[in-house]
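The values are calculated or read from the model by the stated rules, or taken from the named source; none is laboratory data. All of these numbers come straight from a predicted model, not from anything done at the bench. Every residue, glycine as well, gets a Cβ built from its backbone with ideal geometry; the counts of neighbours run over all protein chains shown. Note: accessible area is taken over every heavy atom of the protein model, side chains too, but ligands, DNA and RNA are not part of it. Shrake-Rupley method; radii C 1.70, N 1.55, O 1.52, S 1.80 Å.
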Amino acid sequence: MAESMKGLKRTHRCGELSAANVGEKVTIMGWVQKNRNKGGLVFTDVRDRSGIVQVVCEEGKTDAALLEKAASLRSEYAVAIVGEVARRSGAVNDKLATGEIEVVPSELRILSESLTPPFPIEENSKTKEEVRLKYRYLDLRRPDLQRNLMMKSQVMTLTRQFFAEEGFLEVETPVLGKTTPEGARDYLVPSRVHPGCFYGLPQSPQLYKQLLMCSGFDRYIQIARCFRDEDLRADRQPEFTQIDMELSFVDVDDVIDVNESYLAKLFKEVLDVDVQLPIQRMTWQEAMDRFGSDKPDLRYGMELTDVTEVVKGCGFGVFTGAIENGGTVRGINAKGQGAMPRKKIDKLTAFVKDYGAKGLAYIALQEDGSVKSSFAKFMSEEEMSALISAMGGKAGDLLLFAADRNKVVWDSLGALRVELAKELELVDKDEFRFVWITEFPLLEWSEEQERYVAMHHPFTMPMEEDLPLIDSEPGKVRAKAYDIVLNGNEIGGGSVRIHQNDIQEKMFEVLGFTKEQAYSQFGFLLDAFKYGVPPHAGLAYGLDRLVMLMAKQDSIRDVIAFPKIKDASCLMTEAPTSADQKQLDELGLEVKADTEE
């Protein structure tokens, strides 16, 4: 029978007690982690978000009724205990922050009983994630998940403090806005008052924050909820949180400077990690050429080497054919892996095919000086020797090559580099390596739409010196865009925005918008730009992804209280669900039955 806590007031959290409290009368409240009845001696571990403390009842020293009640406790009962802090009568538990002490109770109340939980409430749970997400309210009692969410709370608090001290104003922007078909899919919200019309939930506060710069707010910050109706993966969710900012009268260096100071403060305060400033910068082109990725992990080597010129006239048709079709040949040197079994190399070949590569060519340099290769018979001895030399190959190394269009070679070798580093355990999880990636292409060609699309968004400023190329060679125009990358993950991105009307109209023209289409979608912004718009720039971090990396987790679900699964549904609440007919009628909506078998 549940008891009231009337008359009781908690004095300490469980994990806050220490030897300094010995002799004090305390009141603690929490959940029973474990209860051990040794016959006349009952040990109860009581847990709250701060940690665990041991409560000890002993026959002859504890009131008989209280001892009996303590013996009846089960896992996850919610309890309140009044007692005295004493030094442990048994051995000290060095693994516990409260391991030197125990609480000897004078009063015990069972505030709430519990069914047997469907899985143990313990760190690093081995229970299937589907089960844990169905009972997320229990899963969230686990100390490791609680630590993650406490870290996230600390990050949000420090973020607000830092940017307030830097002169930023926190301004909320609307969640119900205008739908923008460019980019990822919007979540649509039907309007009851305007039948047939829809709001779009924001993919980011981009347009609003630019309007705030037009409005003279100078420096804006917001911890903003954003929504994207796209397929999920480990570091994506349909709803997520951005640390969103915009600054007026600035250029690239100004945005980078303030964010480097922010990251240094954040990592020092939360993790006691010193971020070396200034953070390394690398152009997009250099990142792609060296790492095959615009979010390179700099914690290990195996950089890509362009050997196109070396193999240009060789006898291997796969290489020469790719070059003749305007492609390149590049390789990576897996140091010390020359003895890798053929079966494993075949697995890597299958892996790169997922990234568009037709296959992998390899040279395995044996320790005895012999060479095993998938294409040696097509090459002369001199050609092989020159290729091995260009790759820095030594006895015991494995050289892996891809030949195709640049994008395919970059994608496949970039992914292969990450996969090999994982398999060979080259990644130091305690290291944090930041890099700024700059000078992205402004536009990229979409095969699907057969037109250029904005690599970031249509409001990104081209680099001034590239503006003359925008009509003749739009693919060569670089953007004043920058991403901040940590350990192979993009944690934030931004750009200097276009603030001149003629450049913005030209950008829409290159993207295939007519003037009417541009004004139909973005007229309110374009009109605002007629009234003295300041040069401005911004950046947004993915808060969940940033905290995931700081907490050394593999999935952002582990730093979100109530996450969705891959199909964007919630296992706990079973959302999304169908709406009842009355709601649909009010909104003027009709749900068509799926006629497909």
Probe of 1.4 angstrom, ligands and nucleic acids ignored: what's the accessible area per residue over region 182-233, in square angstrom?
51
Tail beyond 21 Å, pair distance distribution of region 287-416 (Cα, percent)
34
Per the 1.4 Å probe, what fraction of the accessible area of the chain, in percent, lies on carbon and sulfur atoms?
50
Helix 143-165 versus the longest principal axis of the chain: what is the Cα-based angle in degrees, 0 to 90, to the nearest 10?
60
Calculate, for region 323-401, the solvent-accessible area per residue in square angstrom, rolling a 1.4 angstrom probe over the heavy atoms of the protein chains.
53
Take the residue pairs K480/K530; K312/K506; K126/K564 and return only those whose Cα atoms are more than 31 Å apart.
K312/K506
Sequence-distant residues sharing a close amide H with H499 (under 5 Å, placed H):
none
Kindly express, to the nearest 10 degrees and within the range 0 to 90, the angle between helix 515-528's C-alpha long axis and the longest C-alpha principal axis of the chain.
60
Just reorder D306, D94, D244 by solvent-accessible area, largest first, 1.4 Å probe, all chains present.
D94, D306, D244
Considering all projection directions equally, how large on average is the shadow of the alpha-carbon convex hull of region 211-260, in square nanometres?
4.8
Relative packing of 580-589, 100-109, 552-561, which averages over residues the other C-beta atoms within 10 Å, highest first:
100-109, 552-561, 580-589
Average Cα contact separation per residue, region 307-387, under 8 Å, 6 or more apart, as relative contact order %
32
In whole Hz, what ³J(HN,Hα) sequence does region 57-62 give by Karplus (6.51, -1.76, 1.60; θ = phi - 60°), x for Gly and Pro?
10, 10, 4, x, 10, 10
Enter the per residue convex hull volume of the chain, computed from alpha-carbon coordinates, in Å³ rounded to the nearest integer.
244
Would you list H456, H12 from the most to the least accessible area, probe 1.4 Å?
H456, H12
Check each of the chymotrypsin sites (Phe, Trp or Tyr not before Pro) in region 232-287 and keep only those in coil by DSSP with at most 14 other C-beta atoms within 10 angstrom; list them in order.
F249
Hull surface divided by four, with the convex hull built on the Cα atoms of region 1-63: how many nm²?
5.4
In terms of modelled amide H atoms, which long-range or inter-chain residues lie less than 5 Å from the amide H of F529?
none
Ranked from the most accessible area to the least, with a 1.4 Å probe and all protein chains present, what is the order of E509, E419?
E509, E419
Ratio of the Cα radius of gyration of region 241-350 to 2.2 N^0.38 Å, where N counts its residues
1.59
Tell me the Kirkwood hydrodynamic radius of region 41-121 in angstroms, computed as one over the mean inverse distance between distinct C-alpha pairs.
13.4
Backbone HN-Hα couplings from phi across region 489-495 [Karplus 6.51/-1.76/1.60, Hz, Gly and Pro as x]
10, 6, 9, x, x, x, 6
Net charge near M302 (other residues with Cβ under 9 Å of its Cβ; Lys, Arg +1; Asp, Glu -1) is +1
Amide H to amide H under 5 Å from I101: which residues, 5+ apart in sequence or cross-chain, H placed 1.01 Å off N in plane?
R88
Calculate, for region 28-113, the solvent-accessible area per residue in square angstrom, rolling a 1.4 angstrom probe over the heavy atoms of the protein chains.
48
Could you work out the relative contact order of the chain, using alpha carbon pairs under 8 angstrom and six or more residues apart, expressed as a whole percent?
13
On Cα atoms only, tilt of 501-510 relative to the major axis of the chain in degrees
80
For the chain, what is the charge dipole size about the Cα centre, in debye to the nearest 20, if Lys and Arg each add +1 at the Cβ and Asp and Glu each add -1 at the Cβ?
2060
Rounded to whole angstrom, the alpha-carbon centroid of region 392-438 lies from that of region 513-532 at a distance of 43
